[in-house]
Amino acid sequence: MRKLFRRHKKQPAEDSAITSSSSEPPQIPDVTPPGTHVCTPLCDGIASMPPEYHESMIASLTAKLGEGETPANIRITNLSVNFSNMRILGESRLQGTVESRRDIEGNTSMSSVALALPTTFEYLPLPKGHVRFLKSIAQATHPMASLESHSLEDPPDYIAISYCWDPTSQKRGMFLCNKDSLLSNKSFAVSETVLEVLNQVNAGQLVWIDQICINQGDEDEKLDQIYRMGKIYSKATKVFIWLGPTANESDLALESMEGMLHQVMRLNEATAAREDLPLNLASAINTKHGQIYGHLFSRPWFRRLWTMQEALLARELVVMCGYREVDFELLVALAYQVHLYGSLDIIQLPGVSTKGMNDAIIGILSLHNLRPQNASVRELMDGFSYHRFRMLVTESRQRLVTMDADRVHALMGVAPQSIREEMAAVQKRYSKQTTAQLYARFSICMLEHDSEWLFLSQAPSQERIPGLPSWVPSMDSPPSYASRLESRDFLAGISEGTRHLIKRYITPTELCANGFRVATISEIVPQTAFTETRPDMKHNEMCNEATHLWHQQAIRLCQKTYGLGPDQSPRFQATILLAASRANPAMDGNAVEAYHLFQKACSFRAEILRRIQTGEVEVPPNWATLPNGSALFVDRVVTLDRQELSVQEYQTLLDFSTAMALACAGRPYIATSEQLLGLGCPGIQAGDVVVVLYGCTVPYVMRPRRDGSMEFVGDCYVHGLMNGEELLRDERNEDEMFRIT
């Protein structure tokens, strides 16, 4: 703790603190040459000031103590320094010398002496269309800075900071002044996180950082600035991603990132070439890099929602951790290579769980994929296209926020202009609305801007808040784990001849749409192979036991539905397992051939396991002594068998298995009482009905309620319905207005 200085006069009346409200503020007549002053314990109370001012400050504060007295017990509280008599020859004269910046692994003295100062600074009103920028004056334990406002139409060059608000961060202090009052600094309470960032900023640099540049005590200003963040981040010359101070060898992680990238690429090249994995290389990666990259990717920035729009809108992104920085694209390249071919199963990153690591890496790749390429500042300011924004909403539900309402507000900076304006009006009109009402009104806004109602597929949620209609996604919960169908250009309810039949209306409590029933779910094969607990499988496991068993159950249901023999399966089974995949062009015209290779691979692995279990094949002693040695031996045999395939056949097998995993992820195999087959959705039950709504791209699963309304369950793939075939049938079921609650 910092030592506090008090007067040691015995009279209580004279034991008052020297504060900024004194009628005679401290005068600073001169300075010592920079670097010549040696700080002593007397300087602790004014450590926030540049060292060259310490001697004159102490002299000013102790001038009235009397000859022979010492300032050892002076106490300085609520410090507000008035520089009215200071001669400033240039900004460099106010630049403090910081020999060792704040660093968790290095110097920790700053954190031990930084005071939690109260806020005495007062914001000036912000003109309409303006934002404030911070200009650093001096780096120190308590930095000094000024605030100035500029119009966003033509702002000066500035940088913006993307960082995580941390409610547990210690409160510290700095000194702040308005541009027109540079000679009077006032104390300002700020989090230690922001303090760490400010001490990285060069003096004179204009910076936008929300915790200081927005008056957090003015709700109207906060709302206005939140809806301007799209412009703020898109007009910054650079956006710095601040991951936090150096910790757990993060400096080494950033310094060696390029080398790590090349090593992971070697692993992936070996996998693609059907070579034995260079285990010594994997071991070297795990030994040298696993721990440090595990910790790096576990940084909170990668999981927070507010940071998404900040990174998406930046013209140039730089990742900074401590005093090291790398280009964001290098981080993306590493994330892509680690994710490619299921490298997470080979590389051990003990800093986080496999799921946590997977979520962080997928989050980085999603950010990269969503970032507009070569977009102008004007295009960034206008917001994303509806399609790109809808994808962002899906991704955002995986991320963390402090308040539920931020699930919507944190997206407005990148929302299309029409949605942004409408939601701003909603927020002003219904400022006291509940979270469920906010989510419902946001969903209405999304559906009203989308003629095909693609947003409806996002409604299923792993958990739901009370009072939320079934067609509204619970934005505070990840979506149910299932492959995406709404982005595959299906036309289940769309044709030129039926557009006049589209009838819809929406209220905050119910959604009504015209359509017709197609089928009733009769049997279900639960998804046990491609589940959320196994999002990334090694390629030598792509035909593993779980995949083989699930596929066999699906085949038996298919044979039962169509009355086929035990060795028969229709050619369209491959189409169902791929959900008519348009995601992988390599499957065009090759699906049936690839499906037969997949069946052969599954059967071969299953046969080897059967022979081991019956004793027909003996596991070699050098394998039998290993943990899980039988499975490892089977993997080795399967690898050798695949080397008998041509390069083209092997690539076809890889393409099919990847496309099938993407299409079937989280989706059970279903049959209907009308002898239709397909892929259902999480939560589907026998007795649910398949419905086609006019104007929608995919069929939906709904559950009848006793009051005649419907509960929305999710979307589905049904073979023979996806391209509007049912619209051409004269004998289809009668139209009805579905009321979904």
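Just give me the residues in region 668-696 being part of a strand (DSSP E or B), among the aliphatic types (A, V, I, L, M) and farther than 20 Å from Leu491 by Cα, in sequence order.
Ile670, Ala671
Is there a residue being among the aliphatic types (A, V, I, L, M), open to solvent by 70 Å² or more (accessible area, probe 1.4 Å), modelled with pLDDT under 95 and over 27 Å from Ser474 (Cα atoms) anywhere in region 705-728?
Yes, there is a match, as at least one residue in region 705-728 is among the aliphatic types (A, V, I, L, M), open to solvent by 70 Å² or more (accessible area, probe 1.4 Å), modelled with pLDDT under 95 and over 27 Å from Ser474 (Cα atoms).
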Unmet requirement for Pro570, which otherwise passes all of (1) part of a helix (DSSP H, G or I); (2) at pLDDT 70 or above: (1)
Determine whether Arg420 is closer than 21 Å to Arg397 by Cα, at pLDDT below 95 and open to solvent by 60 Å² or more (accessible area, probe 1.4 Å). no
Out of Arg464, Arg441, I need the residue that is part of a helix (DSSP H, G or I) and either open to solvent by 60 Å² or more (accessible area, probe 1.4 Å) or in contact with a helix residue (DSSP H, G or I) (Cβ under 8 Å, 6 or more places away or on another chain) (or both). Which one? Arg441
Going through (1) part of a strand (DSSP E or B); (2) in contact with a Lys or Arg (Cβ under 6 Å, 6 or more places away or on another chain); (3) closer than 20 Å to Asp327 by Cα one by one, Asp251 fails only at (1)
If only one of Leu134, Leu124, Leu117 is out of contact with any Lys or Arg (no Cβ under 7 Å at 6 or more places or on another chain), modelled with pLDDT of 50 or more and not in a loop (DSSP other than H, G, I, E, B), which one is it? Leu134
Confirm whether Gly680 is in contact (Cβ under 8 Å) with a residue 12 or more places away in the chain, within 35 Å of the chain's Cα centre (by Cα) and closer than 17 Å to Thr575 by Cα. yes
Can you pull out the residues in region 729-741 that are among the aliphatic types (A, V, I, L, M) and either open to solvent by less than 60 Å² (accessible area, probe 1.4 Å) or touching a Ser or Thr at 6+ places or on another chain (Cβ under 6 Å) (or both)? Ile740
What's the number of the condition Ala529 fails, among (1) at pLDDT 90 or above; (2) in a loop (DSSP other than H, G, I, E, B)? (1)
Among the residues of region 175-183, is any surrounded by fewer than 18 Cβ atoms within 10 Å (Cβ to Cβ) and touching a helix residue (DSSP H, G or I) at 6+ places or on another chain (Cβ under 9 Å)? no
Answer with yes or no whether Asp210 is open to solvent by 30 Å² or more (accessible area, probe 1.4 Å) and acidic (Asp, Glu). no
Across region 445-461, which residue is nearest to Glu711 (Cα to Cα) among those that are in a loop (DSSP other than H, G, I, E, B) and either free of Cβ contacts under 8 Å to residues at least 40 places away in the same chain or open to solvent by 10 Å² or more (accessible area, probe 1.4 Å) (or both)? Pro460
Among the numbered conditions (1) assigned to a helix (DSSP H, G or I); (2) surrounded by fewer than 22 Cβ atoms within 10 Å (Cβ to Cβ), tell me where Gln216 comes up short. (1)
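The values are calculated or read from the model by the stated rules, or taken from the named source; none is laboratory data. The structure presented is a predicted model; accordingly, all values stated were derived computationally and were not measured. All Cβ positions, even for glycine, are placed from backbone atoms using ideal geometry, and neighbour counts span all protein chains on display. The accessibility values were calculated without ligands, DNA or RNA, using every heavy atom of the protein model including side chains. Shrake-Rupley method; radii C 1.70, N 1.55, O 1.52, S 1.80 Å.
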